[in-house]
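In what follows, a single structure is set out as structure tokens and then discussed.
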Amino acid sequence: LDRDPDPGGLHHWVHALIGGRVSRDALESAFSESEESQRRSYWDFIGSLYRRYLWREPDWDGLSWWVQALAEGRATRQQAVAGFFQTPEGQHSQRVAWIAGLYRAYFNREPDPEGLSAWARVLATGQM
């Protein structure tokens, strides 16, 4: 939805997940089909996926391909999210975000570029 969660909504959905009243897939579906999500233009929605999952501005070819796929019904918003998340670039970005979070939590600092790069390679290859 490209915004911080409201406290009431966050509490509701976290407890629904923990309590087993909703699956991750059902939660994602509820978000993607929500009125708030559907009000967003395809351009805005896809642009936000680039910024959130790939940490960059969209390239014109990729942006227009996804917008056209949504407009023609060849993809849903939920499929677009999965598509960004599952690309090699998206997977790398998620590994980097996770590692950076560990640095902040355990060392109370931002990661140094060399350490971040080294740990991202370890996670990507499984080799230390």
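The values are calculated or read from the model by the stated rules, or taken from the named source; none is laboratory data. These figures come from a predicted structure and were not determined experimentally. Virtual Cβ from ideal backbone geometry, glycine too; neighbours counted across all protein chains shown. With ligands, DNA and RNA removed, areas are computed over all heavy atoms of the protein, side chains included. Shrake-Rupley method; radii C 1.70, N 1.55, O 1.52, S 1.80 Å.
With the full set of protein chains in place, find how many percent of the accessible area of the chain is carbon and sulfur; take the probe as 1.4 Å. Each step should come with its number before you reach the end.
Values: 4920 of 8740 Å².
About 56 percent, which is the carbon plus sulfur part of the accessible surface.
Have a look at I18, I46, I99 and tell me which one the Gaussian network model of the chain (Cα, springs below 10 Å) gives the largest fluctuation.
Comparing I18, I46, I99 in a Gaussian network model of the chain, the most mobile one is I18.
Using +1 at the C-beta of Lys and Arg and -1 at the C-beta of Asp and Glu, which of F45, P7, A105 has the Cα lying farthest in the positive direction of the dipole of the chain?
The Cα lying farthest towards the positive end belongs to A105.
Heavy-atom accessible area per residue, the chain, 1.4 Å probe: how many Å²? Display every interim value, and only then the final one.
Working: 8740 Å² over 128 residues.
Averaged over the residues of the chain, the accessible area is 68 Å².
Per DSSP H run of n ≥ 4, the term is -39500 (n - 2.57); total these for the chain, divide by its residue number, and report the mean residue ellipticity at 222 nm rounded to 500 deg cm²/dmol. Could you put the intermediate results ahead of the total?
Details: 8 runs with 84 residues, N = 128.
After summing the helix terms and dividing by residue count, I get -19500 deg cm²/dmol.
Determine the relative contact order of the chain: mean sequence separation of Cα pairs under 8 Å and six or more apart, normalised by residue count, in whole percent.
On the way: 70 pairs, mean separation 21.2, N = 128.
After rounding, I find 17 percent.
Please state the shape class of region 26-113: rounded when a/c is under 1.5, otherwise prolate if a/b exceeds b/c and oblate if not, all from the C-alpha gyration tensor. Display every interim value, and only then the final one.
On the way: a/c = 2.60, a/b = 1.83, b/c = 1.42.
Note, shape of region 26-113 comes out prolate.
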